[in-house]
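Here's the structure, in structure tokens; my notes come after.
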Amino acid sequence: MNVSAPFIRRPVATTLLAIAVVLAGSAAYTQLPVAPLPRVDNPTINVNAGLPGGSPETMASAVATPLERRFGRIAGITEITSASTLGQTQLTLQFDLDRDVDSAARDVQAAMNAAAGDLPPNLPSRPNYRKANPADAPILIVALTSTTLPMGQVFDTANTILAQKISQVSGVGQVTVGGGQQPAVRVSVDPSALAGVGLSMEDVRSALSTATANSPKGAFSGESQTRSIAANDQLTKAAQYRPLIIGYNNGAPVRLSDVARVSDDVENQRAAGWVDGRRAIPVIIRRQPGANIIEVIDRVKALIPELTRSINPAIDVTIALDRSTTIRASVVDVERTLLISIGLVVLVVFLFLRNVRATAIPSVAVPLSLIGTFGAMYLCGYSLDNLSLMALTISTGFVVDDAIVVTENVSRFIEAGDSPMQAAFKGAKQIGFTIVSITASLLAVFIPILLMGGLVGRLFREFAVTLSIAIAISAVVSLTVTPMMASRMLKHDREVKHGRLYRASEGAFNWMRDTYGSALRWVLEHEWLMLAATGATIAFTVYLYVVIPKGLFPQQDTGSLAGGSQAPQDISFPAMKARTEALNEVLAQDPNIEHFVSFIGQGNTGFFFIQLKPWGVRKLTADQVVGALRPKLARVPGINLFLQNVQDVRLGGRLSSAQYQYTLVDANLDELTKWAPGVLEKLRSLPQLRDVNTDQQTQGLRLDITVDRDTAARLGITPQVIDDTIYDAFGQRQVATMYTQLNQYRVVLEVKPEFQVTPAQVQMLYVRTRRSPRRRRH
């Protein structure tokens, strides 16, 4: 049976089939998404919960633990990680690779609803989740700056308009507005003045919580008209709160302005953000696991001009970080390499065949096989990424082999005296089974890769399938198009008039043939020596396998750096802000950096994202830039900045300031606190490691308040009253909500900043007893 015979007899139909493959593959190529690597992300859900003023211990026990107990019952979870800081808890849930992220999100929402009864009732808002991995670097950062507007108003614009609209873009997993400057009404109480009029923080809190309302009031309905009922029940500005009566002293009203400073301020004064060293509000965008980076970035960037027109023109909107730049550049570079590979293959074929007609036959098979592979990639849902394009680049050497074998066999029959048509029939029939067997043996090599599981299998499966498809298509082309072209284009050697290039190279080829023959005869005459050389080669290969460093994926230069800053755990926010600005000055002077974003919140840690200049403009690789910055950043006293080169492959959902993570686990917190510093110091002593740090924050200063429970019980004072009073004074407590058409804003209660300096000032707080209207100091 001659499979190639129908195609040799029908050249027009065969040509049309080849053209159809080219058109289909070309159309698929334009629709293939661009990505750095195949989709290898674990489905990840990020859960956040906030309780302003809550200590890390309180957040861990009262918020994180109830949620973890519910999340632990969800099927398919591989890892639950929680981190609790001052006023904030973040949980990261990672699922099996085969789990759909949308169904996982529904299970997470159900678990959060089930845990609602175990959570503190004074949470300002319910825990929320996002389908994003917090350990992944942002794909896009949009910076909002203004020279005339306060940061609170800029933050409100970013949070109310930009973040809402960008979150609706398909593929966006999480939008975070850095710098935490949401507008609010801030009530800063003077505890001395408050005690002088016989009132407590509890009285102020009660008055504020009931002073504003946004409740339904009904309507009047007459015979011909209906009137809805409205009232001035809601306060929205600081000026409206100042005359608020919070109590009476000797019959005289005590107004809020008498005992407190009321101002239009921000919700959290202990947060700040910078872009290129200037105060700004960064909008940080992360993608959903599995979403295509390029497509998501293009959708967001297309939306930004429309959003810019809808906000205050005094706000400047710029792109501070864009991951797509280096991704596009790397893909273009691989595409260029693919074209060069095709050109080199054609050139080598021509040098050996020295015949334009004979060279054209395998030269058509190579692009035809590769273009047809694009169509199969589209049907498989693959992307144009570094691995799939690398597979196509490697396949150029495979796909040309079949065509050369067929062409050579047809040429052999022509040299024996057959006509080109007869030679095509005989040669294709004789070599057909060989082509099939060669293809089957090549495809069998990739079966282990196709059967690999886990992240490595997911990562290299697209590479193996793409290469297998290209090889299979080349086999089909070699059995159809190649013999058809050979029957029409090849001629007898006597009919071909050779040029000077052919005659000049004939001597060189004869010399190569004779040299190879002599070397082959020598090898066959010294079999024991060759056997020893083979054994030595095998032994040396095993040795190299043992000593060569091993890893999952080569270190990349993505043009982006990310890092975290750490200061002493007892640092205040003003000091943290000053030291972060010093780090910003160092980064601003580096000639390799194009843009950088930094922001801090409560605590002693900050976050940095750096966009490097394009390769060619900068002369250093990303790792070399980190090495050059390390001694400069080390000169900034009182703070450390740990930078790392952002990689496309990221394992785990735990945010860290280093490339590798080592986790200590212990059911006993005291033992963990005891041994973790020792392990840290031991790791720092190893010369192979740099930038070793820990996310354990247990060495900060703490004020312990011991309640005399007997005395408190005798006076009718409960521990809850004491906690509430301290929270009112020092926790930036959100005690009321103001509703507007676009957003909700808070009323924040605290004592004046000058009464939050030393621990002794806690003695200026008073609480009310149940037995007497008089106030007692605690």
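The values are calculated or read from the model by the stated rules, or taken from the named source; none is laboratory data. These numbers come from a predicted model, not from an experiment. Positions of Cβ are generated from backbone atoms using ideal geometry, with glycine treated the same way; all protein chains shown enter the neighbour counts. We work out accessible area using only protein heavy atoms, side chains counted, and drop any ligands, DNA or RNA first. Shrake-Rupley method; radii C 1.70, N 1.55, O 1.52, S 1.80 Å.
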- Contacts under 6 angstrom Cβ, first residue in segment 301-327 being on the phi > 0 side of the Ramachandran plot, partner outside any helix (DSSP H, G or I), 6 or more apart: none
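Please state which one of 238, 213, 184 is among the hydrophobic types (A, V, I, L, M, F, W, C) and open to solvent by 10 Å² or more (accessible area, probe 1.4 Å).
Values: 238 fails: open to solvent by 10 Å² or more (accessible area, probe 1.4 Å); 184 fails: open to solvent by 10 Å² or more (accessible area, probe 1.4 Å).
Result: 213 is the single residue among 238, 213, 184 that is among the hydrophobic types (A, V, I, L, M, F, W, C) and open to solvent by 10 Å² or more (accessible area, probe 1.4 Å).
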- Task: Please name all residue pairs, on different chains or six or more residues apart, with Cβ atoms under 7 Å, provided the first residue is in segment 450-465 and is farther than 16 Å from residue 42 by Cα and at pLDDT 80 or above and the second residue is among the basic types (Lys, Arg) and part of a helix (DSSP H, G or I).
- Result: 450/461
- Taking only segment 353-374 into account, find how many residues are assigned to a helix (DSSP H, G or I), in contact with a Phe, Trp or Tyr (Cβ under 9 Å, 6 or more places away or on another chain), surrounded by fewer than 23 Cβ atoms within 10 Å (Cβ to Cβ) and touching a residue at least 40 places away in the same chain (Cβ under 8 Å). 1
- Task: Please specify each residue of segment 313-345 satisfying the condition of being closer than 16 Å to residue 390 by Cβ and touching a Phe, Trp or Tyr at 6+ places or on another chain (Cβ under 9 Å).
- Result: 329
- Answer yes or no as to whether residue 441 is without any contact (Cβ under 8 Å) to a residue 60 or more places away in the chain and over 29 Å from residue 19 (Cβ atoms). yes
- Give, as residue ranges, the strands (runs of 3 or more DSSP E) completely inside segment 98-191 that count at least 3 residues that are farther than 30 Å from residue 75 by Cα. 140-145, 183-189
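Take the conditions in contact (Cβ under 8 Å) with a residue 24 or more places away in the chain, on the phi < 0 side of the Ramachandran plot and touching a Leu at 6+ places or on another chain (Cβ under 9 Å) and apply them to residue 93. Does it pass?
Numbers: in contact (Cβ under 8 Å) with a residue 24 or more places away in the chain: yes; on the phi < 0 side of the Ramachandran plot: yes; touching a Leu at 6+ places or on another chain (Cβ under 9 Å): no.
The answer is no for residue 93.
Go through segment 21-51 and count every residue that is open to solvent by 30 Å² or more (accessible area, probe 1.4 Å) and either among the hydroxyl-bearing types (Ser, Thr, Tyr) or outside any strand (DSSP E or B) (or both).
Selection size over segment 21-51: 12.
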- Item | Tally, over segment 376-398, of residues that are surrounded by fewer than 22 Cβ atoms within 10 Å (Cβ to Cβ) and either among the aromatic types (Phe, Trp, Tyr) or closer than 23 Å to residue 484 by Cβ (or both) | 3
- Query: Say we look at segment 52-69 and pick out the residues that are of a type in the set (A, V, I, L, M, F, W, C) and surrounded by 24 or more Cβ atoms within 10 Å (Cβ to Cβ); which of these is farthest from residue 695 (Cα to Cα)?
  - Reply: 67
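When only residues in segment 244-264 that are open to solvent by 50 Å² or more (accessible area, probe 1.4 Å) and in contact with a helix residue (DSSP H, G or I) (Cβ under 9 Å, 6 or more places away or on another chain) count, which is farthest from residue 197 (Cα to Cα)? Walk me through how you get there before you give the answer.
Residues of segment 244-264 open to solvent by 50 Å² or more (accessible area, probe 1.4 Å): 245, 248-251, 253, 255, 257-258, 261, 264.
From the residues that got through so far, the ones that are in contact with a helix residue (DSSP H, G or I) (Cβ under 9 Å, 6 or more places away or on another chain) too are 245, 249, 257-258, 264.
Details: 245: 12, 249: 6, 257: 13, 258: 10, 264: 25 Å.
If we take residues in segment 244-264 being open to solvent by 50 Å² or more (accessible area, probe 1.4 Å) and in contact with a helix residue (DSSP H, G or I) (Cβ under 9 Å, 6 or more places away or on another chain), then 264 is farthest from residue 197 (Cα to Cα).
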- Taking the residues in segment 566-602 that are surrounded by 17 or more Cβ atoms within 10 Å (Cβ to Cβ), assigned to a loop (DSSP other than H, G, I, E, B) and not hydrophobic (A, V, I, L, M, F, W, C) as candidates, determine which candidate is nearest to the chain's Cα centre (by Cα). 601
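Can you find, within segment 616-658, the residue that is least open to solvent (accessible area, probe 1.4 Å) among those that are among the charged types (D, E, K, R) and within 30 Å of residue 97 (Cα to Cα)? Outline the logic, then answer.
Residues of segment 616-658 among the charged types (D, E, K, R): 618-619, 623, 630, 632, 635, 648, 650, 654.
This time we only want the ones that are within 30 Å of residue 97 (Cα to Cα), so: 648, 650, 654.
On the way: 648: 33, 650: 68, 654: 73 Å².
Residue satisfying both the conditions and the ranking: 648.
Which is of a type in the set (S, T, N, Q), under 31 Å from the mean Cα position of the chain (by Cα) and open to solvent by less than 50 Å² (accessible area, probe 1.4 Å), of 744, 696, 732, 661?
From the options 744, 696, 732, 661, the qualifying one is 696.
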